[in-house]
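Here is the structure we will look at, set down as structure tokens.
The values are calculated or read from the model by the stated rules, or taken from the named source; none is laboratory data. Owing to the predicted nature of the structure, the values given are computational and were not obtained by experimental measurement. In this analysis, Cβ positions are derived from the backbone assuming ideal geometry, glycine residues included, and neighbour counts consider all displayed protein chains.
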Amino acid sequence: MKELPLRAVSGGLCAAALLAILFLRPLACIEGVRAGLNSCAEQVIPALFPFFVVSSLVAAGPLAKMLGVIVWPFTRFGLGIRDARAATALLLSWLGGFAVAARVISQMYAEDAVTRRQAQLLLICGVGSGPAFVVNTVGVLLLGSARLGWCIFAALLAANIIAGLLARLLLPAEPLCSGRVCPTTAEQAGDVGFVAAVQGAIQSMLTVCGFVVFFSFLNRVLAEFLPAFGPARAGAAALLEVTGGCIQASRLGGAAAVYGCCAALSVQSLSVLLQVRALLHRELPLLPLVAARPVHLVFSLGALRFLLGIVPGAAAAAAAGERLIVQSRTAPDAALVLFALCCVVLYGCGFTSGSQKSIMDRNSERRSRRVS
């Protein structure tokens, strides 16, 4: 009898368990999927989709070597990456979060702007949650203090930098010839156009929303078997999905809520790691990023403790009692107007692919012939 590999057996058992849950807890499954879809429509898509488009255009455009001038000393001397575009990629990653990091770094690797090892270093330094989520959602809405949100974001950023410096010392050096096939000129040019950027953003958005919905379903099912509150529920939720982990950690109250949210944001959850894997270039491994998360967790908690001690009012805010957790969403009309303005500005700046320009020229010639 042929022996089945352990990975296949464990995967089959997990799939069978999920299938049983679909029949045993149908209402919980429906509620979880509905919550995930609402989160995509009201939070994820308005926040990420315009940033996906703009970050792709910036990374491939002429501004890629200038926008990251603030981060360039770290990427050049700290990580040893000479290309100035790496600094821009890292800056976009810190501002946009893990999904933007995976997308932009993969784009630069595909264009041979960075090597495989350099892309791994950028990934370790860049994967995380952006300031909009950490400060506004976690700090203001969950913890009731923007100051705590900025302290957590600064601690996470410091841990990113330290983890990147350690990774440079520990990651093996690359051979002189990596054996990669350089992309063709047509492939590189296709990544520059506005149309291609929007198409790529749509594909990335579908990937992100798929994982958000699935892990929202898992998180809701998990609530059926664990206590409604407490460290066990917060830890399990943080391992599955970042937002749910932060919500549960904020209910712990006091300093435990602050450190719990920081830990959830540092670990980044299984959902985030799988989203990064889905958006990442197939030649870039995920193992260095996963191995760096425990180190990142230790340094982020240590940096947060230091910041709470020196930032005025942060310690008092961290020691406050139970917070009121409120729901928020991006106004759809404001998100659509912002996206439309971004499209108009980018189109006016000439971010159009060569093929799109040729199509427009041909259409113009046809119209002139008809008139004549």
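Listed here are the residues, each with its yes/no results for (1) among the aliphatic types (A, V, I, L, M); (2) modelled with pLDDT of 85 or more; (3) touching a strand residue (DSSP E or B) at 6+ places or on another chain (Cβ under 9 Å); (4) over 24 Å from residue 277 (Cβ atoms).
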{"position": "24", "(1), (2), (3), (4)": "yes, no, no, yes"}
{"position": "34", "(1), (2), (3), (4)": "no, yes, no, yes"}
{"position": "46", "(1), (2), (3), (4)": "no, no, no, yes"}
{"position": "56", "(1), (2), (3), (4)": "no, no, no, no"}
{"position": "66", "(1), (2), (3), (4)": "yes, no, no, yes"}
{"position": "72", "(1), (2), (3), (4)": "no, yes, no, yes"}
{"position": "90", "(1), (2), (3), (4)": "yes, yes, no, no"}
{"position": "97", "(1), (2), (3), (4)": "no, yes, no, no"}
{"position": "107", "(1), (2), (3), (4)": "no, yes, no, no"}
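Select the helices (runs of 4 or more DSSP H) contained entirely in the stretch 28-131, then report the ones holding at least 2 residues which are free of Cβ contacts under 8 Å to residues at least 60 places away in the same chain and within 21 Å of residue 267 (Cβ to Cβ).
So the answer is 85-96, 116-126.
Can you find a residue that is of a type in the set (A, V, I, L, M, F, W, C), within 21 Å of residue 241 (Cα to Cα), within 18 Å of the chain's Cα centre (by Cα) and not in a loop (DSSP other than H, G, I, E, B) anywhere in the stretch 158-171?
Taking every residue of the stretch 158-171 in turn, at least one turns out to be of a type in the set (A, V, I, L, M, F, W, C), within 21 Å of residue 241 (Cα to Cα), within 18 Å of the chain's Cα centre (by Cα) and not in a loop (DSSP other than H, G, I, E, B).
State yes or no: is residue 232 surrounded by fewer than 18 Cβ atoms within 10 Å (Cβ to Cβ) and out of contact with any Phe, Trp or Tyr (no Cβ under 8 Å at 6 or more places or on another chain)?
yes
Of all the residues that make up the stretch 217-248, how many are closer than 22 Å to residue 299 by Cβ and within 20 Å of the chain's Cα centre (by Cα)?
5
Can you find a residue that is among the charged types (D, E, K, R) and under 30 Å from residue 56 (Cα atoms) anywhere in the stretch 279-291?
Yes: one or more hits.
Tell me which of these residue 143 doesn't satisfy, since it passes every other one: (1) under 17 Å from the mean Cα position of the chain (by Cα); (2) more than 22 Å from residue 205 (Cα to Cα); (3) surrounded by 24 or more Cβ atoms within 10 Å (Cβ to Cβ).
(1)
Report those helices (runs of 4 or more DSSP H) wholly inside the stretch 215-280 carrying at least 3 residues which are touching a helix residue (DSSP H, G or I) at 6+ places or on another chain (Cβ under 6 Å) and over 27 Å from residue 145 (Cα atoms).
Passing ranges, in order: 269-279.
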